[in-house]
Amino acid sequence: MFEVGKIYNRRTDIHGVYKGQQYGGIATPANHPYVFIFTSEAGEEYGYSDGFSPDGTFRYTGEGQEGDMIMSKGNLAIRDHQKNNKEILLFEAASQGMVRFVGNCNFIIHHTEERPDKNSEQRAAFIFHLDIVPQTKGNGVESPKAPYLIKPTKSKSLKQLREIALSNTPTKAKAKEKLIHVKYRSDAIKLYAKKRANGLCEGCDTKSAFETKSGPYLEVHHLTRLSDGGADSPENVIALCPTCHRRAHYALDGVSFNNELRRIAKAIEAKLA
């Protein structure tokens, strides 16, 4: 339906087809099994600070512009989406009226913290911890119990790391287990990218400049990301030397270079498939 990394017109491509609230951060179309959520840096001045956390989850601020947030409407739709057989689809603002699809999400838990409302008054805000489901050419493996909690380590094979990175979190697992799995999956994709590179920069094909205690020094770069930090999948990561990594972020030809890196990553993964 939606392709990760692709840009869509919110009004025509989303609301024109599926309906739902055209304004605000959460849209809940009545006749479709989806909950659309939208994030933008523009909301930070009103306490809506979203993004990926170190544990690999995406932290999404609930709706409600004034006073304490209430667990109703869009907030309730996020919390109860699995019970209601709804999919959460996350989009980030790209330009005026345009949004980029980040991926399908599953709610894990939420917490409440003090955030300013639109009047700069402190209030209780809901922060939802979301698991962005890996996007792959095949279906991820969903194990019913402990096997999906395998801790990724350098000693794991490339195949084992890939399986951990692509495994789906069982929807019936406890919240604590889900959080552990998301963290393991995030760690696995970074180890996977470095092991796949085998000491060579996948951007310029040169040997790592130096060794560290954990092996050749390479940096993992995400090719399609939210504010330069996004959903993990083998086709979306590449191991780079520091020079290529900074070129991808800051060079005048950064856009074209990232497009070339996407081509390289896809070609590498095609050989491994």
Revision key, fill the gap. Exception for Ala30 within (1) of a type in the set (A, V, I, L, M); (2) in a loop (DSSP other than H, G, I, E, B); (3) more than 19 Å from Leu76 (Cα to Cα) falls at (3)
Check your understanding: Do we have any residue at all in region 68-83 that's at pLDDT below 95, surrounded by 19 or more Cβ atoms within 10 Å (Cβ to Cβ) and within 21 Å of the chain's Cα centre (by Cα)?
Key -> no
Check your understanding: Hey, among Tyr184, Tyr217, which residue is within 28 Å of Ile108 (Cβ to Cβ) and outside the structural domain of Glu92 (by TED's automatic domain parsing)?
Key -> Tyr184
**Study point:** Residue identified as at pLDDT below 90 and of a type outside the set (Lys, Arg) among Ala239, Ala231, Ala209, Ala267
**Key:** Ala231
**Study point:** region 50-67 - residue that is within 21 Å of Arg10 (Cβ to Cβ) and of a type in the set (Gly, Ala, Ser) and, of those, modelled with the highest pLDDT
**Key:** Gly62
Point to revise | Filtered residues of region 3-38 (kept if over 23 Å from the mean Cα position of the chain (by Cα) and among the aliphatic types (A, V, I, L, M)) | key: Val17, Ala30
Review point. List the pairs whose first member sits in region 256-273 and is farther than 18 Å from Cys244 by Cα, whose second member is in a helix (DSSP H, G or I), and whose Cβ atoms are under 6 Å apart, counting only residues at least 6 apart or on separate chains?
Key: Glu269/Pro234; Glu269/Glu235
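I'd like the full set of residues that are at pLDDT 80 or above and assigned to a loop (DSSP other than H, G, I, E, B), limited to region 126-169.
Within region 126-169, Val133, Ile150, Lys151, Pro152, Thr153, Lys154, Ser155, Lys156, Ser157, Ser167, Thr169 qualify.
The values are calculated or read from the model by the stated rules, or taken from the named source; none is laboratory data. The structure displayed is predicted, hence computed values, not measured ones. Quick reminder, even Gly has a Cβ in these numbers, built from the backbone with ideal geometry, and neighbours come from all protein chains shown.
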